Each structure stands twice: as structure tokens, then as C-alpha cells.
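Engineer: I'd like to ask some things about the structure below.
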Amino acid sequence: MQTLQGALVRLRPATQDDVPALSRIRATPEVYERWGPGDVLDADTPTLVILAEERVVGSRGRQPRRDPLLHQGRLPPGRHHAPL
């Protein structure tokens, strides 16, 4: 995975050195409600940490795309859900 630089934040691959900062973030009630218990880094899920002013402010896990025809949560033309 590569590092991605934006105007305000940078994303880079997470390392074990990021665990303390991510654990502190997860300990806040608002985040714990979404992340829940468990390891903050999962060996099976490539994770990017989000840095603002070189400080870890969050993370984003990346899941492999299971269906190559699905792109960004949308169905391509000609592939539609059945009516309910």
C-alpha cells in the first residue's frame, strides 16, 4: 500500500506503532459504539491510518472487492436489483 497525501490529511499503512493512538481513539464512547471490541488492527484487513498534522486521528480498513463488477457501492449499467 502506498501513502496518500491530501490537502489536510495523509493516509499511510498502519503499523504496530499506531496501536496506542488507535486504542485511545477507540476508547472514546462515540468511536467504541461503531468500532466495538477487538483488535484495532486486523492482520487480515489492510488498514490505513489517517494523520492530521502528523498526528493519528483515525483509520480506514480496506476490504477486498468481492465482485469486480461492483464499483463504489453502485451497480454498473445492465445489472440491477430485483424489484421488492
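Engineer: Within segment 32-61, can you find the residues that are in a loop (DSSP other than H, G, I, E, B) and either among the small types (Gly, Ala, Ser) or closer than 18 Å to Gly6 by Cα (or both)?
Structural biologist: From segment 32-61, those in a loop (DSSP other than H, G, I, E, B) are 36-46, 53-54; that's our starting set.
Selection gives Gly36, Gly38, Ala43, Glu53, Glu54.
Engineer: Which of the residues belonging to segment 1-11 are over 13 Å from Arg55 (Cβ atoms) and surrounded by 14 or more Cβ atoms within 10 Å (Cβ to Cβ)? If you could, list the steps in order and put the result at the bottom.
Structural biologist: Let us first name the residues in segment 1-11 that are over 13 Å from Arg55 (Cβ atoms), namely 1-7, 11.
Answer for segment 1-11, where residues must be over 13 Å from Arg55 (Cβ atoms) and surrounded by 14 or more Cβ atoms within 10 Å (Cβ to Cβ): just Leu11.
Engineer: Just for segment 1-31: of the residues that are among the aliphatic types (A, V, I, L, M) and not in a helix (DSSP H, G or I), which one is farthest from Asp42 (Cα to Cα)?
Structural biologist: Pass one, segment 1-31, residues among the aliphatic types (A, V, I, L, M): 1, 4, 7-9, 11, 14, 19, 21-22, 25, 27, 31.
Now narrow it down to the ones that are not in a helix (DSSP H, G or I): 1, 4, 7-9, 11, 14, 27.
Working: Met1: 15, Leu4: 21, Ala7: 28, Leu8: 26, Val9: 23, Leu11: 17, Ala14: 10, Ala27: 17 Å.
Ranking the candidates gives Ala7 first.
Engineer: Looking at segment 15-30, I want the residues that are within 14 Å of Ile50 (Cβ to Cβ) and have a partner that is assigned to a helix (DSSP H, G or I) with Cβ atoms under 7 Å, at least 6 apart or on another chain. Which pairs are those?
Structural biologist: So the pair list comes out as Ile25/Val31; Arg26/Tyr32; Arg26/Trp35.
Engineer: Next question, about the same structure. Anything in segment 11-43 that is of a type in the set (D, E, K, R) and within 13 Å of the chain's Cα centre (by Cα)? List them, or say none. Before the answer, list the steps.
Structural biologist: First pass over segment 11-43, keeping only residues of a type in the set (D, E, K, R): 12, 17-18, 24, 26, 30, 33-34, 39, 42.
Across segment 11-43, the qualifying residues are Arg12, Arg34, Asp42.
Engineer: For the structure I just gave you, tell me whether Arg55 is surrounded by 12 or more Cβ atoms within 10 Å (Cβ to Cβ), modelled with pLDDT of 90 or more, of a type outside the set (A, V, I, L, M) and on the phi < 0 side of the Ramachandran plot. If you could, list the steps in order and put the result at the bottom.
Structural biologist: Values: surrounded by 12 or more Cβ atoms within 10 Å (Cβ to Cβ): no; modelled with pLDDT of 90 or more: yes; of a type outside the set (A, V, I, L, M): yes; on the phi < 0 side of the Ramachandran plot: yes.
Spelling it out, it is not the case that Arg55 is surrounded by 12 or more Cβ atoms within 10 Å (Cβ to Cβ), modelled with pLDDT of 90 or more, of a type outside the set (A, V, I, L, M) and on the phi < 0 side of the Ramachandran plot.
The values are calculated or read from the model by the stated rules, or taken from the named source; none is laboratory data. Keep in mind that this is a model prediction, so the values were computed, not measured. For neighbour counting, all protein chains shown are included, and Cβ atoms are generated from backbone atoms with ideal geometry for every residue, glycine included.
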